[in-house]
1. What aspartates and glutamates sit close enough to Lys221 to cross-link, taking a C-alpha to C-alpha distance under 16 Å and skipping anything fewer than 8 places away on the same chain?
2. Mind checking the angle between helix 223-243 and the chain's longest principal axis? C-alpha axes, 0 to 90 degrees, to the nearest 10.
3. What area, in nm² and to one decimal, does the C-alpha convex hull of segment 3-99 cast on average over all directions?
4. What share of all Cα pairs of segment 125-270, in percent, falls into each consecutive 5 Å distance bin?
5. Where Lys and Arg each count +1 and Asp and Glu each count -1, what net charge lies around Ala161 among other residues with Cβ under 12 Å from its Cβ?
6. Treating the beta-carbon of each Lys and Arg as +1 and of each Asp and Glu as -1, no other charges, what is the dipole magnitude of the chain about its Cα centre, to the nearest 20 debye?
7. What are the ³J(HN,Hα) values, in whole Hz, obtained from phi via the Karplus relation 6.51 cos²θ - 1.76 cosθ + 1.60 with θ = phi - 60°, for each residue of segment 38-52 in sequence order, with x given for Gly and Pro?
8. Given C-alpha coordinates of the chain, what is the ratio Rg to Rh with the Kirkwood estimate of Rh?
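Rule-based calculations on the coordinates, nothing more; no lab input. Quick caveat: nothing in here was measured; it's all calculated off a predicted structure. In this analysis, Cβ positions are derived from the backbone assuming ideal geometry, glycine residues included, and neighbour counts consider all displayed protein chains.
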Amino acid sequence: MDNTLIRQLNRLFEEAAYEQDGIEYWLARELQELLGYSEWRNFTNAIEKAKLSCESSGQLVVDHFVDINKMVKLGSGSQRQIDDIMLTRYACYLIAQNGDPKKEQIAFAQSYFAIQTRKQEMLEERIALNERLHAREKLVATETELSKNIYERGVDNKGFANIRSKGDEALFGGSNTLAMKRKLNIPKNRPLADFLPTITIKAKDLATEITNFNVKKDDLKSETNITKEHVKNNRDVRNLLNKSGIKPEDLPPEEDIKKLERRVKSADKDIAKKKLKK
């Protein structure tokens with residue numbers, strides 16, 4: 001396939017894309033022509049195979065193949081309603097994968113949508129990494145505020161560690177900070193939160209925010225009273241998670257947040273270098 005044809009096909013596929021609510025999609029009737037199918041009946045066979053592939057991959061078919069109706073003009077000037085399908089990038093990729101790679105349009109589409117799908121996956125992964133990093137930074141700030149609040153009320157660093165551990169015990173169904181580190185195989189000298197999934201980090205942050213609020217509002221003093229408040233808040237957050245079938249102690253650990261931080265910073269530097277070269 002020569003470069004001229006590749007550029008032409010790339011332009012056609014780009015121009016055929018639509019966007020709704022931030023989601024990119026293609027219409028099956030238009031994709032049919034782009035992929036070189038002369039008959040809709042033959043193209044729907046490829047779509048059905050793609051749906052089976054979608055289902056086998058664990059994805060919901062309705063999330064990627066949306067049936068619609070649209071009006072088209074006839075030669076007489078009248079209009080007729082026809083069936084069509086809104087296809088996500090992933091749906092287009094699966095359709096291309098079930099096509100004949102000997103056809104130039106199919107061969108191009110297989111590469112085009114594979115690359116586009118990978119870009120989307122990388123973007124989603126990056127967003128998830130940033131969300132976890134921001135959640136961790138937020139928890140650090142909230143816990144720092146709590147340590148200042150309780151220090152002003154006569155509780156030292158050891159007392160703060162005890163309060164936080166008792167809070168973890170309430171959140172993790174009876175397992176304190178040290179017990180959770182053993183369970184998740186986390187080094188003793190590393191913070192537990194550096195290895196927790198985003199939802200658990202946010203749960204800890206919410207409970208700590210409530211503790212901060214009530215310590216100041218009720219002017220709580222002494223390690224005993226503040227511990228009681230923190231335990232209650234963590235237990236309440238745990239109950240909320242349990243209503244959605246989430247048990248924090250059963251969630252697997254995630255990659256060390258420090259490694260993620262280094263990876264994100266390294267990726268940012270690479271992006272900056274590429275921009276400078278342009």
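1. Within the straight-line limit of under 16 Å, Lys221 reaches these aspartates and glutamates: Glu145, Glu152, Asp156, Glu229.
2. Tilt of helix 223-243: around 20 degrees.
3. Working: hull surface 30.2 nm².
Result: a mean projected hull area of 7.6 nm².
4. That works out to 2, 10, 19, 21, 20, 14, 8, 4, 2, 0, 0, in percent per bin.
5. Working: positive: Lys158, Arg164, Lys166; negative: Glu143, Asp156, Asp168, Glu223.
So the surrounding residues net to -1.
6. Values: 50 positive and 44 negative charges, 222 e Å.
Here the size comes out at about 1060 debye.
7. Residue by residue, segment 38-52 yields 7, 10, 4, 4, 5, 5, 5, 5, 5, 5, 5, 5, 5, 4, 5 Hz.
8. Working: Rg = 27.1 Å, Rh = 23.2 Å.
The Rg/Rh ratio comes out at 1.17.
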